[in-house]
Amino acid sequence: MKLPTPPLPKALRPTPKRPGDGRNGKNGAPSTKPTAGEKTVEGVAGAVGWLDERTGATPFLRGFLYRKVPKGTNWFYTLGSATMFAFLSQAITGVFLAMYYEPDSTRAYSSASHITNDVFLGEFVRGMHKWGSSVMIILIFVHMGRTFFFGAYKYPRELNWIIGVLLLVLTLMMGLTGYLLPFDQRSFWATVVAVNINASGPIVGPYLADFLRAGAEFGPTTISRFYALHMLAVPGLIAALIGAHLYLVAKLGTTAPPWLKAEKKDLLTEEVRAP
């Protein structure tokens, strides 16, 4: 008895003909070979379908990207995205700077000068990183102000507000730890002042200052401590909190502008007073 031929796996099955191909197609025209562009599109679509079948990313992306936006949304609502892209710019330029920078008390200044004067586009990348830090701090302050004045910190978005406050503190900490890395006179003494201000804080202040200095006084290991915090610990925490922040934004949505809420409240009051 001859056993039936087992079916081929889905990936090995031939692609069915498109409608209109072959003798049974439109006007009985003969089939034509797909062009290189059609093959490319079909290959990309197949690769995307293969990934989606194994990851199930479509429902997540659909819920994340296609969500309801309140009426009256304006450019104020782009401040959060602008802050995130500023962080991405800092991360990318920081990676390139780390390829040439040496976190050593005797070679830090010379390596920073080497990046500026000798490395191709080094001055441009370092300038982007330097001024990008100020841009990111300004954007996150403005974004937090917009959130406060629009009342977006109220129920059910309290947790997102707390995450935003933590992101603000971590952004300031990233600016502080990065300021020492050029290791010139200005950055060194400015960091000394900043750490001494931290040391004057109640209870945890002295311990925090000792942790930042890697000891009781500034020494050769201080710059390594600042470099590790600036390159690894703080950006990692920021990236994790940004992920949680975006998840809550997609889940809870954005709040409507306060002037629309006031208009809606006045409209309801008029309807109640109407005879």
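Every number here is computed from the coordinates shown, using simple stated rules; none is lab data. All values reported here derive from a predicted model rather than from experimental measurement. Cβ placement follows ideal geometry from the backbone for every residue including glycine, while neighbour counts extend to all protein chains displayed.
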Pairs beyond 26 Å (Cα-Cα), from Lys68/Lys130; Lys68/Lys154; Lys130/Lys251:
Lys68/Lys130; Lys130/Lys251
Where the only charges are on Cβ atoms (+1 Lys, Arg; -1 Asp, Glu), what is the dipole of the range 74-266 about its Cα centre, to the nearest 20 debye?
680 debye
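Please identify every one of the trypsin sites (Lys or Arg not before Pro) in the range 206-263 that sits in a loop by DSSP and has no more than 16 other beta carbons within 10 Å of its own beta carbon. Could the numbers behind the result be given before it?
Details: sites: Arg213, Arg225, Lys251, Lys261; in loops: none.
Hits after loop and neighbour filter: nothing returned.
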Can you give me the Cα centroid spacing of the range 217-240 and the range 84-152 in angstrom?
14 Å
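At 0.36 nm per residue, and after removing the present C-alpha to C-alpha distance, how many nm does the segment from Thr40 to Thr106 gain when stretched out fully?
Numbers: separation 66, 0.36 × 66 = 23.76 nm, distance 5.38 nm.
Full extension from Thr40 to Thr106 adds 18.4 nm.
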